[in-house]
Amino acid sequence: MKISPQLKERARRIARKLRRAYPDARCELNFNNPLELLIAAILSAQCTDERVNRVTPELFRKYRSAADWAGVPQAVLENEIRSTGFFRNKARNIIALTRRLAEDFGGRVPDDFETLVSLPGIGRKTANLMMAVAFHKPGLVVDTHCRRVARRLQLTDNNDPARIEEDLKALIPRTSWGSFSHTMVFHGRYCCTARKPACRKCPVREDCPSRDYA
């Protein structure tokens, strides 16, 4: 996508308006350390954060280290996370991931993006989440909400999340990637929803080419 000065200015104006509209925008997964966030992020695939937050407290009490997670029989873990959906794949990924963390990283979650995406079951979305939320480093999370909002705002003409991430990173200052993606997610969840966006109360209506949904 061609990044014009006008598009960059509109994107940054949108970012400022979203920040004012959602001052408390944040990751809504509950966690106490990077390992817990990583597990919660895996469980959140195709599942709501609310559901994950109902499942994780008991899990986090039982399994406190990467070695603890790696040692859980897959059938047991599948049963414990069944309500989050896709539980077989999630259990397999969690066990493979935590085994790798225990064997190669001393149980520590690495704070390097390229290392994170090399781990089992970790894609760009989760790696960016870890960078932004767990390690307070630049990271721009493109989930289903961010993707939808970015396309409606015509901040990207791509469908692929990696390409959308690339476009948004070219528009938004590096220091604001994390906060911007959080506000985009909040806006997608609570205003610019998939089926019936609330355009009349939208804080960025004046800057949205798709504002006639409502």
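The values are calculated or read from the model by the stated rules, or taken from the named source; none is laboratory data. Please read these numbers as outputs of a predicted model, since none were measured by experiment. FYI the Cβ positions are ideal-geometry reconstructions off the backbone, even for glycines, and counts take in every protein chain you see.
Observations
- The one condition in (1) surrounded by fewer than 17 Cβ atoms within 10 Å (Cβ to Cβ); (2) free of Cβ contacts under 8 Å to residues at least 24 places away in the same chain; (3) out of contact with any helix residue (DSSP H, G or I) (no Cβ under 6 Å at 6 or more places or on another chain) that Ser65 fails to fulfil: (2)
- Verdict on Arg16 being assigned by TED's automatic domain parsing to the domain that holds Ala127, basic (Lys, Arg) and without any contact (Cβ under 8 Å) to a residue 40 or more places away in the chain: no
- Checklist (1) crowded, with 19+ Cβ neighbours inside 10 Å; (2) touching a helix residue (DSSP H, G or I) at 6+ places or on another chain (Cβ under 6 Å); (3) assigned to a helix (DSSP H, G or I); (4) of a type outside the set (Gly, Ala, Ser) applied to Leu29, failing item: (3)
- Arg61 vs. criteria assigned to a helix (DSSP H, G or I), among the basic types (Lys, Arg) and touching a Ser or Thr at 6+ places or on another chain (Cβ under 8 Å): no
- Qualifying residue in segment 48-65 (condition: under 16 Å from Arg108 (Cα atoms), over 23 Å from the mean Cα position of the chain (by Cα), at pLDDT 95 or above and among the small types (Gly, Ala, Ser)): no
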